[in-house]
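Beneath this line is the structure, given in structure tokens, with notes to follow.
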Amino acid sequence: MKLIEARGIAHHFDYPLFNDINLTLEPHDSIAIVGVSGSGKSTLLHILSTLLRPDHGSVQMLGKPVDSLDNRRLVQLRRDALGIIFQSHYLFKGFSGMENLEVASILSGEPVDEALLKRLKIDQVIGQKVTELSGGQQQRVSIARVLTKKPSIIFADEPTGNLDAETADEVMALFEDYISAHQAGLVLVTHESSLAMRCKYVYKLENQRLVPLK
């Protein structure tokens, strides 16, 4: 079963962003979307991840037409199957890092994975308050929180923007291993061409079209 099948997607704000976007994500696949700032990469990611409805076109996710889902089932889909990582971490600031993960664990019924914390190099600081962590540590906690849910699809919008190059490579390797082990898929928006080219498919959003690069 396809994880995502988007057909004829179009959207605009004060000006047209893109038209007739077609995209398919299969299990174990990774897709990177690159392009200049303002080209609509994040907007397209928001549409694919159900956070925004397109002006035209349709998105099927895990075999279900997104347009046909009421709010309750849409929330359930996001909670159970989708993991969304933004450049801003959106952690609960009054909580510790571990408490943030425990919220995800309670909602998903999945345990917090100590090996994941070690791989992200946050196992020694996870008990600290979010406000005591560096920006890079907060981002890694955010990534751990999403992966704790065991999502079927990871949507990542500049997820390594606050990380150094070595850590960014390690996070990308973590994503690769995760989608390989869990029948999952990855949609990545990034300005980092080296990270983008590690994905199975790479597209550039330009002139309102999605142009395949790889």
Relative contact order of the chain, pairs being alpha-carbon contacts under 8 Å that are 6 or more residues apart, as %: 31 percent
Intensity falloff of the stretch 6-47 expressed as log10 I(q)/I(0), Debye formula with alpha-carbon point scatterers, at q = 0.22 Å⁻¹: -0.79
Area projected by the alpha carbon convex hull of the stretch 1-127, averaged over all directions, nm²: 9.9 nm²
Cα point-scatterer Debye curve for the stretch 91-132, base-10 log of I(q)/I(0) at q = 0.22 Å⁻¹: -0.70
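For the stretch 167-214, take the alpha-carbon Rg, divide it by the Kirkwood Rh, and send me Rg/Rh.
1.01
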Pairwise label distance in nanometres, Phe92 with Asn207, each label 7 Å out on the Cα-Cβ vector: 4.9 nm
Between 0 and 90°, nearest 10: helix 165-181 axis offset from the chain longest Cα axis: 70 degrees
Alpha-carbon centroid distance for the pair the stretch 45-100 / the stretch 158-214, whole angstrom: 18 Å
Phi-based couplings in Hz for the stretch 35-47 (Karplus 6.51, -1.76, 1.60; Gly and Pro marked x): x, 5, 4, x, 6, x, 4, 5, 4, 4, 4, 5, 5
Net dipole in debye of the stretch 62-214 [+1 Lys, Arg Cβ; -1 Asp, Glu Cβ; about Cα centre; nearest 20]: 460 debye
Percent breakdown of C-alpha pair distances by 10 Å bin, ordered from the shortest bin, for the stretch 116-214: 14, 45, 31, 9, 2
Highest-MSF residue in the chain out of Ile153, Ile31, Ile47 [GNM, Cα springs under 10 Å]: Ile47
Rg to Rh quotient for the stretch 1-71, alpha carbon positions, Kirkwood Rh: 0.96
Amide H contacts under 5 Å for Ile85, placed H, 5+ residues apart: Phe155, Ala156, Asp157
Helix 97-108 vs. the chain, principal-axis angle (Cα, 0 to 90°, nearest 10): 60 degrees
Mean ellipticity per residue at 222 nm, deg cm²/dmol - from DSSP H runs of n ≥ 4 across the chain, formula -39500 (n - 2.57): -10000 deg cm²/dmol
Label-point separation in nm, Lys121 to Leu51, each point 7 Å along Cα→Cβ: 2.7 nm
Cα-only radius of gyration and Dmax that characterise the chain, units Å: 16.8, 47
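So if each residue of separation counts as 0.36 nm, and I subtract the Cα-Cα distance between Ser194 and His182, what length gain in nm does that give? Kindly include the intermediate steps, with their values, before the conclusion.
Numbers: separation 12, 0.36 × 12 = 4.32 nm, distance 2.42 nm.
Here the answer is 1.9 nm.
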The stretch 105-161, dipole about Cα centre (Lys/Arg Cβ +1, Asp/Glu Cβ -1), debye to the nearest 20: 80 debye
Whole-Hz couplings from phi, Karplus 6.51/-1.76/1.60, listed for the stretch 124-140; x for Gly and Pro: 8, 10, 5, x, 7, 4, 4, 5, 8, 8, 6, x, x, 5, 4, 5, 5
Under-5 Å amide H pairs with Gly185, H placed in peptide plane, nonlocal only: His28, Ile153, Ile154
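Read-outs: derived from the displayed coordinates by stated rules, not from any lab. From a predicted model like this one, the values you see are computed outputs, not experimental measurements. Counting neighbours? That spans all protein chains shown, and the Cβs are built from the backbone with ideal geometry, glycine included.
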